[in-house]
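The values are calculated or read from the model by the stated rules, or taken from the named source; none is laboratory data. Everything quoted here is computed from the prediction, not taken from an experiment. Cβ: placed from backbone, ideal geometry, glycine included. Neighbour counts: every protein chain shown. When the accessible area is computed, the model is the full protein with side chains, heavy atoms only, and any ligands, DNA or RNA have been set aside. Shrake-Rupley method; radii C 1.70, N 1.55, O 1.52, S 1.80 Å.
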Amino acid sequence: MMTSQSIEDHFYFRPRTWLLSGILISVLTTIPIVMATQDYIILSDDETLTAFTPSDPLEEEVEAHINSLPLTRSLRANPAFTESRPSLKMNPTYRSSSLTSGVLAGPGKIVVPPYAWSEEGGKSLVTIQYLGENLCGHAGIVHGGLLATLLDEGLARCCFPALPNKIGMTANLTVNYRAPSRAGNYFVLRAKTVKVEGRKAWVEGHIETLPEEGQEPVILVQATALMIEPKNANVRLTPVEAPGLCFLFNTADEFGRS
């Protein structure tokens, strides 16, 4: 049986325990837990470019069309941009529960994994995607909530390289809809980082149509956002598996052993 003194020695007055608890609480409230685990990202940018194989005629058509675009060729020729397919970097174990990479991906939805080009230093980002006919609010019109989600992810991905620890969370997102977005079409998302101050980055962007040659794109929806890097983003973490959840702890050696 534990005495009052032994209980105090065991928990209440051990600074190491309080320190670990405080860091854990702070981490859990400021860092996306699963994204910080070592096995969440399993492919490099280059590896994602060969990780997808079309499985039906529409996917083959969309892939071929995106790869044939003058915009695609221009971005690939620009050494300031790094190409990737971000949704394919994710471990399939987690991808199935991801909104844009899993739940809304596939036939009739986000038909193929979008292509993305990120300018060095987090200056700008361009993505190309095809949105199918099963992503509508009003008939034939892509749901505005999906467009806001794509902008949220795109603006965040744009500025991450400009932040000290390359990670951030959305503090504010303002969306203005300019024109209906017709489903069953290609869309281009453009974003740029307009200001960075320490852990804060201000980003703006829009989604536009992919016009026929000789025509100008139509801006469909615009957004501005403030992204903030969590205060504990620079804490060195290692994942510890637990039933149903992955908790993140600093290694025991950081705090010493009893």
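Scan region 145-153 and give yes if some residue there is open to solvent by 50 Å² or more (accessible area, probe 1.4 Å) and either within 26 Å of Ala233 (Cβ to Cβ) or touching a residue at least 12 places away in the same chain (Cβ under 8 Å) (or both), otherwise no. Yes, region 145-153 has at least one match.
The residue list Pro79, Pro15, Pro113, Pro32 contains one member that is surrounded by fewer than 17 Cβ atoms within 10 Å (Cβ to Cβ) and at pLDDT 95 or above, which is Pro79. Of all the criteria given as (1) closer than 17 Å to Leu189 by Cβ; (2) at pLDDT below 95; (3) of a type in the set (Gly, Ala, Ser), the one not satisfied by Ser97 is (1).
Of the helices (runs of 4 or more DSSP H) that lie entirely inside region 54-125, those containing 1 or more residues that are within 16 Å of the chain's Cα centre (by Cα) and touching a residue at least 40 places away in the same chain (Cβ under 8 Å) span 92-95. Reported count of residues in region 207-237, each being modelled with pLDDT under 80, surrounded by 13 or more Cβ atoms within 10 Å (Cβ to Cβ) and of a type in the set (S, T, N, Q), is 0. Remark: Leu245 falls outside the filter, which requires a residue to be surrounded by 13 or more Cβ atoms within 10 Å (Cβ to Cβ), more than 17 Å from Pro161 (Cα to Cα) and either more than 19 Å from the chain's Cα centre (by Cα) or modelled with pLDDT of 95 or more (or both).
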